[in-house]
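Quick notes on the structure that follows.
What follows draws every value from the coordinates through simple rules; no lab data is involved. Since the model is a prediction, treat every value here as computed from it, not as a measurement. Heads up, the Cβs are rebuilt from the backbone with ideal geometry, glycines too, and the neighbour counts pull from every protein chain shown.
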Ligand SMILES: [Zn+2]
Ligand SMILES: [Zn+2]
């Protein structure tokens, strides 16, 4: 069984189409054996995003909850084909983990492969971004090999998203192609639930089957070891993972 130590894309009731509090999410994370969880509610372009104060006030949340280390992050929206996010540098500075994703509700340009590919390539150059979120849906076609090559070049983690491959059109089929390429190109990945309910935190049955079918190397799945993520966060943002409120 593939046991994650870190789930790095989850939502709380701060996004109104999610249904659990951060306390409930952390308890569920502890119960499922996680050592680390990132909460990543939606950036402001999403119709049900929290107010920006949600991110500004992150300092009051402890570093550890129910024995699980917390990264207080965001799922920021890529809003064009130039790699622009819906949060500026100052707002992103309040966040400790940044997943960058395309969502149909947050873009108005024609979703053509050449433009989506360019958007992903540009977002790879964004220094605040840690993860390229769910790039496998039919809604955002792109040149996977070109995008993955940029992810590798700029050190962005490619996400295999359990929720996406379960619910989004084409995502499972496309994920087989994307993660076969990640294996071939040796691109590091993270497997996240994108849980919108506490019962789903840390549970990845479909992703596990897909990775098993591909004989995907565990050494490329960065969040099988929470220490690897904590090292990244420490190096990039100076987070110390010691006392309850240490930053
Ligand atoms: Zn998303
Ligand atoms: Zn999400």
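Residues considered: 105, 164, 20. Largest GNM mean-square fluctuation over the chain, using C-alpha springs under 10 Å, is found at 105.
Apply the a/c threshold of 1.5 to the C-alpha gyration tensor of segment 1-123 and tell me whether it is rounded, prolate or oblate.
On the way: a/c = 2.14, a/b = 1.69, b/c = 1.27.
Cα axes put segment 1-123 in the prolate bin.
If you count the DSSP beta bridges with both ends in the chain, what percent of them are antiparallel, to the nearest 5?
Values: 3 of 27 bridges.
Given both bridge residues lie in the chain, the antiparallel proportion sits at roughly 10 percent.
Of the residues 120, 102, 154, the one that moves most in a GNM of the chain with alpha-carbon contacts below 10 Å is 154. For the chain, the mean residue ellipticity at 222 nm estimated from helices alone is -9500 deg cm²/dmol, where every DSSP H run of n ≥ 4 contributes -39500 (n - 2.57) and the total is divided by all residues, rounded to the nearest 500.
Each pair of Cα atoms in segment 6-237 enters the Kirkwood radius, and Stokes-Einstein at 37 °C and 0.692 mPa s then converts it into a translational diffusion coefficient of 189 µm²/s. For residue 232 and residue 185, the FRET efficiency from 1/(1 + (r/R0)^6), where r spans their Cβ atoms and R0 equals 25 Å, is about 0.80.
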